[in-house]
Ligand SMILES: [Ca+2]
Ligand SMILES: [Ca+2]
């Protein structure tokens, strides 16, 4: 079940990336593994925390890029907008 959710979210993120190339970059938010760029590893970290809120076992405060205490599509959009940076 979780695996299926991960694939659905990953597909949605990639679809966003492919269909919305003109999204403005928002700083270098989204470098969740701190390796200096935003790539697929960061997307996977965010996908793992997708839907989580503080206290949830999958919660990752770093993946909550907009600070609204839930890892949602809004955070994914921020991350994807920095993809490749
Ligand atoms: Ca990274
Ligand atoms: Ca958020």
Taking region 34-48 and keeping only residues that are within 6 Å of ligand 1 (Cβ to nearest atom), over 12 Å from residue 75 (Cβ atoms) and surrounded by 14 or more Cβ atoms within 10 Å (Cβ to Cβ), one is left with 37, 38, 39
Region 26-85, residues that are in a loop (DSSP other than H, G, I, E, B), without any contact (Cβ under 8 Å) to a residue 24 or more places away in the chain, away from ligand 2 (no atom under 13 Å from the Cβ) and touching a helix residue (DSSP H, G or I) at 6+ places or on another chain (Cβ under 8 Å): 33, 35, 58
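We did not get these values from a lab; they are worked out from the coordinates using the rules stated. Computed from a prediction, not measured in an experiment: that's the story for all the values here. Because the Cβ atoms are built from the backbone with ideal geometry, glycine has one as well, and the counts that use them run over all protein chains shown.
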